[in-house]
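The values are calculated or read from the model by the stated rules, or taken from the named source; none is laboratory data. Computed from a predicted structure; not experimentally measured. Here the Cβ is made from the backbone with ideal geometry for all residues, glycine too, and neighbour counts use every protein chain on show. SASA here: full protein model, heavy atoms, side chains in, ligands and nucleic acids out. Shrake-Rupley method; radii C 1.70, N 1.55, O 1.52, S 1.80 Å.
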Amino acid sequence: MGIKFIKDKKVFKLDAKDTSYIIAVVDDEQFIGHVYFGKRIIDEDVNYLLRLEEPPYVPSKNNRDRVSFYDSFPMEYSTHGIGDFRESSLQLRDRDGNTACRLQYISHEIYKGKKKLKGLPATFGDENECTSLEIKCMDKDLNLEVDLVYTAFENLDAITRSVRIKNCAEDSIALTKVLSTCIDFEGINYDMISLHGSWARERHISRKNISYGKHTVSTVRGESSHQDNPFIALLDSSATDESGNVYGFNFVYSGNFFTQVEGCQFDTTRVVMGINPVDFTWVLEKNEEFVAPEVVMVYSDKGIGKMTRTFHDLYRNNLIRGRFKDKKRPILINNWEATYFDFNTEKLLSIAKEASSLGIEMLVMDDGWFGKRNSDNSSLGDWIVNEEKIQGGLKYLVDEVNKLGMEFGIWLEPEMISPDSELYREHPDWAIKIDGRTPALCREQYVLDLSRKEIVDYIYECIKKVLSSANITYVKWDMNRQITDLGSICIPAEKHGELSHRYVLAVYEMMDRLTTDFPHILLENCSGGGARFDPGMLYYSPQIWCSDDTDAIERLKIQEGTAMVYPISCIGAHVSDCPNHTVGRTTPFETRGHVALAGTFGYELDVTRIPKEDREMIPKQVEIYHKYNDLIRTGDYYRIENFSQNNCFDVWEVVSKDKSEVLVTCVQVLGRPNYHSRRIKLKGLIEDKMYKLEGTDELFSGGALMYGGLNISLYGDYSSKLLHLIQL
Ligand code: GLA
């Protein structure tokens, strides 16, 4: 286990639970090569995989074909401009405008545990959980140090990578591309999975066969985005949920990212992932460092499902922090779909009163409580309570809600500024924009130039004041537009490309301040629904609003895609009113509850106005939530049937870690005439143990449930069912 350096072979062997990752230093010139990534092997020297005895050979044996070497050797970290014409990971502009870079091994360090990444979110682990390796390499001509940083987790098939670059030269140097991982895989016949979408249909699963050429997933929207998620999986084209090799890559970053799978000329496949080089530059003065964010790499020898469960375990244990890391979250009711901007103290209290009597535990006041915000066209930046709506003030409202036995949460959008705001009238230059050009509005708002410390400080103090003014225990941190017209009056031309990354770093800094100053607050990230559903955000908030689309059926695909990578304990999911506000669909209240259970669970409706029959179901749903949430939050998640593939039926299950309990959720999207019941085969149980189906006397062995299956009958469109089985 852990990480070893085999000195005589110059090999680094990183062993995670059932995974090996091998790097070798070769040739007199100390090139760093990627040897192996896959199922754990006992060998320490598998350098034959590098084919160094075949043409074009290493440069010390065949310097005339140096370019051929560069262009075929599996570089552990590819650099631009020297002959490796596949995707580079590092590109720069030196004093003379040259862009090439060549790295050679210098030294290394291996240590137990994992260091923090300065200013960036990242997975963490103590000395018993992981071992880290830092390989120092250098471009001696440029006097540029590049540290390749790795961590292997002992009990999980996860390896992380990041990169640290230091300019040791006298002159400044501009980094124009710094990716965080690069791996060359043998072979060309892979599939690639990525998560795509748009507002209200985030993270739908896309799987395609890749071959030669470049297959890119990226964003330049300034946020990780609705459209593309910073995740890809490379998998055997024959891999299924249960079988085959799968390599998952997830970028711990919330801004512009770039990831690419490239089928190359000698039938190898290169995967890279990192900050998008578009609109990126980072100038390093003498002795300055740049730290590239972390990529989490998960290997599964048993299909997509095992990859999923590894990501879930890693994120629940080694990424999510804070008071709610391992805790059940309060069931909240959010007034957004209930009232939109049309609310006041009285209305909110009437919702709270009814909600508390039904067992709901927290009221969240959404957008519209500040400045003059009665629609989405004003007041962002004016974080002052509008006492015309919140009569009696915020503290009064919160106290009244508390008196009902409920907690209180609030919506904020700290990164934004409305042109129609006091803040903008006073500081028109605080918005990101290009001098002399009219900036593009989006939802009638601009983005604050958070690369400026005085703006970060000002906004943070405003929200701190609000959060300190009453007993607020939850914040929904929203971010409702993409970033355009990149310009800052405080960034000089040569550093212009730093703005996007500086913006993301500032958001992290603000969230860090908030979670440090208010450790009791449950932070839920949100971005026009789920446009920033990424591991970077999970480091600060244990849950993220998954989508503005709360329709139970639309949510099946959104939550299936999201849960492929992210634990269901962090998926913000609410029961809302029907006809659904996004798609106009009417689904049974019960089904809406079952689907929201595969997430944080809450309500987003006017509980005083929904049909009586629906309202009467809430106490039962609350009871179900409390009964199953420990299992749902901490268990292993398995996909049984995928609506994304079959278009009519969805089944997932959560099995407790000790396999003694399983909760199965079945949703029939469309009823079928004249068929037998559906047969579903459970997963992850103990074959020769007996399980009892709750509410019946029926007993089944784990084997019967997994290999024989259960017969499920559902009647009607959008109908659903929960099945709970407990081991005897
Ligand atoms: C975004 C969020 C919604 C709601 C609105 C308020 O769209 O995703 O849940 O908070 O903003 O403006």
Residues that are surrounded by fewer than 19 Cβ atoms within 10 Å (Cβ to Cβ): find the helices (runs of 4 or more DSSP H) completely inside region 575-658 holding 2 or more of those.
612-634, 643-646
What is the residue count in region 420-440 for residues that are open to solvent by 30 Å² or more (accessible area, probe 1.4 Å) and aliphatic (A, V, I, L, M)?
2
Starting from region 526-541, take each residue that is away from the ligand (no atom under 14 Å from the Cβ) and list its partners that are open to solvent by 10 Å² or more (accessible area, probe 1.4 Å), counting only C-beta distances under 6 angstrom and pairs at least six apart or across chains.
Tyr540/Thr515
Kindly provide the set of residues from region 531-545 that are within 20 Å of Pro330 (Cα to Cα) and part of a loop (DSSP other than H, G, I, E, B), ordered by number.
Tyr539, Tyr540, Ser541, Pro542
Considering only region 353-366, I want to know if a residue exists there that is within 16 Å of the ligand (Cβ to nearest atom) and touching a Pro at 6+ places or on another chain (Cβ under 7 Å).
yes
Do you know which residues across region 128-154 are outside any strand (DSSP E or B) and either buried (at least 23 other Cβ atoms within 10 Å of the Cβ) or more than 30 Å from the chain's Cα centre (by Cα) (or both)?
Lys140, Asp141, Leu142, Asn143
Hey, Ile417 open to solvent by less than 20 Å² (accessible area, probe 1.4 Å), without any contact (Cβ under 8 Å) to a residue 40 or more places away in the chain and among the β-branched types (Val, Ile, Thr) or not:
yes
Test of understanding: among Tyr446, Tyr458, Tyr474, which residue is within 16 Å of the ligand (Cβ to nearest atom) and over 18 Å from Met537 (Cα atoms)?
Tyr446
Does Gln482 meet the test of being within 16 Å of the ligand (Cβ to nearest atom) and open to solvent by 10 Å² or more (accessible area, probe 1.4 Å)?
yes
Given (1) outside any strand (DSSP E or B); (2) exposed (fewer than 15 other Cβ atoms within 10 Å of the Cβ); (3) more than 25 Å from the chain's Cα centre (by Cα), Ser107 misses just (1)
Test Trp411 against the criterion of being within 16 Å of the ligand (Cβ to nearest atom), touching a helix residue (DSSP H, G or I) at 6+ places or on another chain (Cβ under 9 Å) and either open to solvent by 50 Å² or more (accessible area, probe 1.4 Å) or outside any loop (DSSP other than H, G, I, E, B) (or both), and give yes or no.
yes
Got at least one residue in region 337-346 being open to solvent by less than 50 Å² (accessible area, probe 1.4 Å), at pLDDT 95 or above, within 21 Å of Val401 (Cα to Cα) and away from the ligand (no atom under 16 Å from the Cβ)?
yes
Can you name the condition, by its number, that Ala431 falls short on among (1) farther than 19 Å from Leu605 by Cα; (2) within 15 Å of the ligand (Cβ to nearest atom)?
(2)
Would you confirm, using the coordinates I've provided, whether Pro55 is part of a loop (DSSP other than H, G, I, E, B), open to solvent by less than 50 Å² (accessible area, probe 1.4 Å) and out of contact with any strand residue (DSSP E or B) (no Cβ under 7 Å at 6 or more places or on another chain)?
no
Among the numbered criteria (1) assigned to a loop (DSSP other than H, G, I, E, B); (2) open to solvent by 20 Å² or more (accessible area, probe 1.4 Å), which single criterion is violated by Gln91?
(1)
Could you list, in sequence order, all residues of region 20-46 that are among the β-branched types (Val, Ile, Thr) and over 20 Å from His108 (Cβ atoms)?
Ile41, Ile42
Condition first: of a type in the set (A, V, I, L, M) and touching a residue at least 60 places away in the same chain (Cβ under 8 Å). Now tell me which residues in region 608-635 satisfy that.
Ile618, Val622, Ile624, Ile632
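Residue-by-condition table, conditions (1) assigned by TED's automatic domain parsing to the domain that holds Gly248; (2) in contact (Cβ under 8 Å) with a residue 40 or more places away in the chain; (3) not in a loop (DSSP other than H, G, I, E, B):
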| position | (1), (2), (3) |
| --- | --- |
| Ile183 | yes, yes, yes |
| Ile188 | yes, yes, no |
| Leu195 | yes, yes, yes |
| Ser206 | yes, no, yes |
| Asn209 | yes, no, yes |
| Arg221 | yes, yes, no |
| Ser225 | yes, yes, no |
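Kindly indicate whether any position in region 385-402 is in contact with a His (Cβ under 8 Å, 6 or more places away or on another chain) and at pLDDT 95 or above.
Taking region 385-402 as the starting set, the residues that turn out to be in contact with a His (Cβ under 8 Å, 6 or more places away or on another chain) are none.
No - not one qualifying residue is present in region 385-402.
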Spans of helices (runs of 4 or more DSSP H) in region 272-360 with at least 3 residues among the basic types (Lys, Arg):
303-318
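Condition check ((1) within 20 Å of Thr151 (Cα to Cα); (2) open to solvent by 10 Å² or more (accessible area, probe 1.4 Å)) across all residues:
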| site | (1), (2) |
| --- | --- |
| Gln265 | no, yes |
| Thr269 | no, no |
| Val291 | yes, yes |
| Met297 | yes, no |
| Gly322 | no, yes |
| Asp326 | no, yes |
Looking at (1) open to solvent by less than 30 Å² (accessible area, probe 1.4 Å); (2) away from the ligand (no atom under 16 Å from the Cβ); (3) of a type in the set (Lys, Arg), find the lone condition where Arg373 falls short.
(2)
Which pairs have Cβ atoms under 7 Å, sit 6 or more apart or on different chains, and link a residue in region 495-507 that is in the same structural domain as Tyr539 (by TED's automatic domain parsing) and at pLDDT 95 or above to one that is hydrophobic (A, V, I, L, M, F, W, C) and in a helix (DSSP H, G or I)?
Ala506/Val456
Would you confirm, using the coordinates I've provided, whether Arg443 is surrounded by fewer than 23 Cβ atoms within 10 Å (Cβ to Cβ), modelled with pLDDT of 95 or more and not assigned by TED's automatic domain parsing to the domain that holds Leu505?
yes
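Please work out if Gly303 is away from the ligand (no atom under 15 Å from the Cβ) and assigned by TED's automatic domain parsing to the domain that holds Ala598.
Values: away from the ligand (no atom under 15 Å from the Cβ): yes; assigned by TED's automatic domain parsing to the domain that holds Ala598: no.
When the stated conditions are applied, Gly303 does not pass them.
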Note: among Asp658, Asp688, Asp717, Asp697, just one is under 34 Å from the mean Cα position of the chain (by Cα), farther than 20 Å from Asn629 by Cα and of a type in the set (Asp, Glu), namely Asp717
Find the residue count for region 155-181, including only residues that are under 30 Å from Asn143 (Cβ atoms) and either among the polar types (S, T, N, Q) or in a loop (DSSP other than H, G, I, E, B) (or both).
11
